[in-house]
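Q: Here it is: the structure, laid out below.
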Amino acid sequence: MIVGKRVQLIALDEDSFDLTLKWINDPSIRMFTGAKFPVTKIEHETWFKSKALDKYNKTFAIQSIETKQIIGLVGNNDYDPLNRTTYPFIYIGEKVNQGKGIGQEAFSLIINFCFEVLNVHRIYGYLFEYNTASRNMLEKCGYILEGVLKEHWYKDGKYHNVLVMGRVKDSGE
């Protein structure tokens, strides 16, 4: 468990399985993720088990300390021990908790986990250009814009620009 002021990051369990399946099938959430299609329970089970068992690409449920409610997911993908890089990710699935700084707190906790526990040197992320809320959060967490992949991702009938953002360990602390 990783504890912050308002949230804690906890291991995935049966309670978070149903919530995460609900969230990834919500079009208003899926539009900001790499998922292009609704996800079946069988597909989700495969993904969920792989995330729960991975030693270095960790995924945590974000739990409100006050209410004990699971409100989202945070973790890292593409851990590379040779280059010491990884790709932190987050989404807040419970909409009442979006836009309140809770995601930024949870993301700061996973950034610290990546730098201090996984000992990475660089973190990075890709996001749709239209995802201004995520861009603002990443900038507040010390990320800088490193590039734009023009019309890189085909989703919902059109091509979208993808921003590449990153941070090295000592640049945003």
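Q: Let me spell it out: the conditions are (1) hydrophobic (A, V, I, L, M, F, W, C); (2) at pLDDT below 95; (3) closer than 22 Å to residue 57 by Cα, and residue 153 meets all of them except one. Which number is the exception?
A: (3)
Q: Follow-up question, since we're still on this one. Of the numbered conditions (1) in contact (Cβ under 8 Å) with a residue 12 or more places away in the chain; (2) within 26 Å of residue 167 (Cα to Cα), residue 82 fails exactly one; give the number of that condition.
A: In the conditions (1) in contact (Cβ under 8 Å) with a residue 12 or more places away in the chain; (2) within 26 Å of residue 167 (Cα to Cα), residue 82 misses (1) alone.
Q: Next question, about the same structure. When the residues of the stretch 7-55 are narrowed to those that are among the basic types (Lys, Arg) and surrounded by 15 or more Cβ atoms within 10 Å (Cβ to Cβ), which ends up modelled with the highest pLDDT? Steps first, please.
A: Here is the first cut: in the stretch 7-55, the ones among the basic types (Lys, Arg) are 22, 30, 36, 41, 49, 51, 55.
Pick out the ones that are also surrounded by 15 or more Cβ atoms within 10 Å (Cβ to Cβ) and you get 30, 51.
Working: 30: 75, 51: 90.
Across the stretch 7-55, the extreme among qualifying residues is 51.
Q: Residue 61 versus (1) within 12 Å of the chain's Cα centre (by Cα); (2) closer than 18 Å to residue 124 by Cβ: which is the lone unmet condition?
A: Status for residue 61: all satisfied but (2).
The values are calculated or read from the model by the stated rules, or taken from the named source; none is laboratory data. Remember, it's a predicted structure, so these values are computed and weren't measured experimentally. Every residue, glycine as well, gets a Cβ built from its backbone with ideal geometry; the counts of neighbours run over all protein chains shown.
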